[in-house]
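The values are calculated or read from the model by the stated rules, or taken from the named source; none is laboratory data. Just so it is clear, the model here is predicted, and its values are computed rather than measured. In this analysis, Cβ positions are derived from the backbone assuming ideal geometry, glycine residues included, and neighbour counts consider all displayed protein chains. Each accessible area value is taken on the protein alone, full model and side chains, heavy atoms only, with ligands, DNA and RNA left out. Shrake-Rupley method; radii C 1.70, N 1.55, O 1.52, S 1.80 Å.
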Amino acid sequence: MDPERVAVIVGVGQVNDRPADPMQGLDSLGLMVAALEAADRDAGGGWLADVESVAVVMQISFARDNPLAQKVADRIGSRAGIVYESAGPNGDSPILLLNEAANRIARGEIRIAAVTGGEALRTASQRAALAAKTAVADQNPIRNLAKGRAPGYRQLHGLSAPVDVYPLYENAGRAAYGQTLAQGQHESGEIWSRFSQIAAATPAAWIHAPKTPDEVIEPTADNRRIAFPYTKLMVANSSVNQGAGFLVTSLAEARRRGVPEARIIYVGRGAAAHEAEDFMARDRYDKSPSMEVCLRRTLEWNGVAGADLDLAELYSCFPCVPKMARRVIGWPLGRPATVFGGLTFGGGPIGNYMSHAVAAMVDALRGRAGGKGLLFANGGYATHNHAIVLGTAPLPGAGEAHDFDCQAEADAARGRVPELMKDYAGPAQIETYTVFYARDGQPKSGVVVARLPDGNRTLAHVPGEDAATIAFLTDGAIEPVGASGAVVAGGELMAWRRG
């Protein structure tokens with residue numbers, strides 16, 4: 001093992017910005033720079049001017065300012081020869097950038113790398129509301145990305161943002177696990193309650209308010225329904241101003257600069273695989289072959305099993321993701337699946353959540369002799385997966401660059417992808433579904449993903465005023481997944497009719 005090529009993390013930094021006046025708040029660039037300055041202090045100081053690679057998670061809060069990578073490099077005084085941003089604001093980006101930095105160190109291309117990201121979505125929304133003289137709730141940067149575009153087939157059925165799509169995995173997964181609605185919701189409540197407890201004890205988390213499982217899952221005026229079966233406390237909280245970053249260097253450089261051994265965290269091997277960008281072009285919704293391959297290879301390449309891990313961060317934009325992931329690695333329900341607090345309570349700064357998880361994992365591992373922690377990231381619409389292991393001692397393959405791309409294996413594990421038949425009418429079965437709610441808690445509409453007799457797939461609309469079908473989909477008396485019915489003409493959209 002050559003210490004010059006063994007990648008380690010020596011500094012982490014996190015920033016929360018809560019300005020009384022949004023015009024005085026930090027923008028995304030300011031959050032990124034502040035996070036790296038905090039990471040520099042954490043590493044003992046004097047690192048930033050010598051950074052040779054600056055990698056930034058793309059941000060959307062102040063999209064007009066993109067790209068930001070060179071601006072970050074300039075602000076920290078770095079003359080880095082490698083300066084770039086992630087391809088998109090995807091949740092897997094921080095782990096991808098960490099893996100790339102570790103590989104560059106292993107190949108001897110660089111000695112010091114900085115990775116950072118930041119989102120000032122709260123400030124951006126408040127400023128936009130002031131300018132437009134509207135409510136802050138009307139200035140959602142995520143949904144605003146689609147403004148001005150003609151809605152397509154998916155959007156006409158209500159499938160526009162991640163919060164609309166992930167319930168398709170949730171409902172399909174619950175049926176596949178053999179759970180009743182109450183059991184599925186209980187599992188979500190247990191996971192999210194533990195997230196809230198971790199966040200309450202984590203200074204860098206956005207919300208410090210422990211919740212019971214029932215408080216998470218029960219709809220109330222303050223915890224309204226969003227998309228069935230998710231309430232507000234079960235979805236990512238993007239209304240935050242948060243930045244996080246970390247410094248990656250070689251073990252030899254860390255020692256030369258006098259970083260105490262107890263503060264050095266080793267970077268293991270990662271794995272990555274993705275699903276099709278089109279969330280309707282998936283072979284199934286109860287699990288993800290790319291997620292499974294990503295997680296299994298990460299554990300294998302780092303010589304650990306799920307039971308060997310001291311800590312884990314299982315990406316948590318919505319409950320279906322950690323539910324799927326914990327079943328792959330055998331992570332017990334009773335153990336927290338986060339070190340930061342999850343995207344509801346820790347905070348959901350779009351693509352940069354996992355930078356906070358990296359920082360929290362480093363803090364949690366320091367002083368834990370022989371400790372190992374898994375970081376699993378997910379992005380898009382349950383699309384992108386990247387995982388890696390950190391440890392307090394060198395992991396297998398330390399000092400060796402590796403190919404983390406597992407796409408070919410994931411593709412081979414995938415079943416047939418049904419063709420999407422947009423104009424179908426006739427008998428079908430419910431593959432999965434969700435219901436969308438207005439801010440007053442009343443159902444706006446529902447959508448059924450239906451399988452046709454030939455195995456292909458279509459979408460069917462459920463009008464909000466169809467109380468009987470809405471009740472069938474949401475009351476838990478009978479499992480809707482697998483139920484037979486028909487797709488019929490129903491105005492502008494084909495509609496679902498119960499069998």
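Brief remarks follow.
- Nearest-ten-degree value, helix 353-365 long axis tilted from longest Cα axis of the chain: 50 degrees
- Principal-axis tilt of helix 289-301 within the chain, Cα atoms, nearest 10 degrees: 30 degrees
- When the solvent-accessible area of the range 331-477 is split by element, carbon and sulfur atoms take up 51 percent of it, the probe being 1.4 Å.
- Exposure of R368 as accessible area (Å², to 10), given a probe of 1.4 Å and all protein chains: 90 Å²
- Approximate spin-label separation R327-S484, in nm, with each point projected 7 Å along Cα-to-Cβ: 2.6 nm
- Residues whose amide H lies under 5 Å from that of G490, counting only those 5 or more places away or on a different chain, are A495; hydrogens are built 1.01 Å from N in the peptide plane.
- Of the residues A172, Q155, P210, the one whose Cα sits farthest towards the positive end of the charge dipole of the range 127-235 is Q155 (charges of +1 on Lys and Arg Cβ, -1 on Asp and Glu Cβ, taken about the Cα centre).
- Sequence of E313, E218 when ordered by accessible area, the most exposed leading, probe 1.4 angstrom: E218, E313
- Net charge dipole size for the chain [Lys, Arg +1 and Asp, Glu -1 on Cβ; Debye, nearest 20]: 360 debye
- Estimated FRET transfer efficiency when R0 is 35 angstrom, pair A393-E109 (beta carbons, to 0.05): 0.90
- For the pair the range 356-406 / the range 65-102, the C-alpha centres are spaced 18 Å from each other.
- Rolling a 1.4 angstrom probe over the protein heavy atoms with all chains in place gives the range 1-69 an accessible area of 38 Å² per residue.
- Simple spin-label estimate for K422 and A132 gives 2.7 nm between the two label positions (7 Å along the Cα-to-Cβ direction from each Cα).
- Only Lys, Arg (+1) and Asp, Glu (-1) charged, at Cβ; the range 385-453 dipole about Cα centre in debye: 480 debye
- Placed amide H near A428: partners under 5 Å, 5+ positions off or other chain: G485, A486, V487
- The Cα center of the range 227-260 and the Cα center of the range 12-48 differ in position by 12 Å.
- When only the Cβ of Lys, Arg, Asp and Glu is charged (+1, +1, -1, -1), the dipole of the range 11-119 relative to its Cα centre reaches about 200 debye.
- Under the simplified labelling scheme, the R257-N456 pair shows an inter-label distance of 5.8 nm, with each label point 7 Å from Cα along Cα→Cβ.
- Degrees between helix 162-176 axis and first principal axis of the chain (Cα, 0 to 90, nearest 10): 70 degrees
- Summary value for the chain: 21 percent relative contact order, contacts being C-alpha pairs under 8 angstrom separated by 6+ residues.
- Rolling a 1.4 Å probe across all protein chains gives T123 an accessible area of roughly 0 Å².
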